[in-house]
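> Following this message is one structure expressed as structure tokens.
Just so it is clear, none of the values below were taken in a lab; they were calculated from the coordinates. Please read all numbers here as calculations on a predicted model, not as lab measurements. Don't worry about glycine lacking a Cβ; one is built from the backbone with ideal geometry, like all the others, and counts go over all protein chains shown.
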Amino acid sequence: MTPDRVLVTVFGLGLVAFIVWFFWLKKTRGTRAAVTRSGYQEAMILVKGGYTPDVIVVQHGKPVRLHFRREETAACSEMVLFPDFNKSAKLPTGEVVDIELLPEKPGEYEFACQMGMFRGKLVVE
């Protein structure tokens, strides 16, 4: 095997390893929701090419209020779905939409757009 083929092969394998790590193995810590005077755990989520932040950490047994602000017009981001809580909401562009939840059990609960392209996670401790 020539040196240039070895170099291309090594570079290609490195690139494949990076892609596997980035999309499947990378763990994000998440953003802890702030506790307000009213007792709600609150977090603001920006919807623009995905959810930012996409992992929100909360305590179980306390009410959660998530504020979604959509900053784009892509059809995929028109709704957010919380299947484990049987909740969904339309997200008009430029408006803040609140979703209230009461996670009673610790665990990880996913939320997504209606097409499943934008994904996030609610981590309940």
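> Rank these for me by crowding, 22, 111, 85, going from fewest to most other beta carbons within 10 Å.
Fewest to most other Cβ atoms nearby, the residues stand as 22, 85, 111.
> In addition: Of all beta bridges DSSP finds with both residues in the chain, what is the antiparallel percent, to the nearest 5?
Counting only bridges with both partners in the chain, antiparallel ones make up about 60 percent.
> Checking the cross-link filter: which aspartates and glutamates have an alpha carbon closer than 12 Å to that of residue 121, excluding same-chain neighbours under 8 positions apart?
In chain and number order, the partners are 54, 84, 108, 110.
> Would you mind pulling out the separation of the Cα centroids of the range 3-20 and the range 63-92, in Å?
Their Cα centres are 39 Å away from one another.
> Where the only charges are on Cβ atoms (+1 Lys, Arg; -1 Asp, Glu), what is the dipole of the range 31-124 about its Cα centre, to the nearest 20 debye? Walk me through the intermediate numbers first.
Working: 12 positive and 12 negative charges, 40 e Å.
Roughly 200 debye for the range 31-124.
> Using helices alone, what [θ] at 222 nm do you get for the chain, with -39,500 (n - 2.57) per DSSP H run of 4 or more residues, divided over all residues and rounded to the nearest 500?
-5000 deg cm²/dmol
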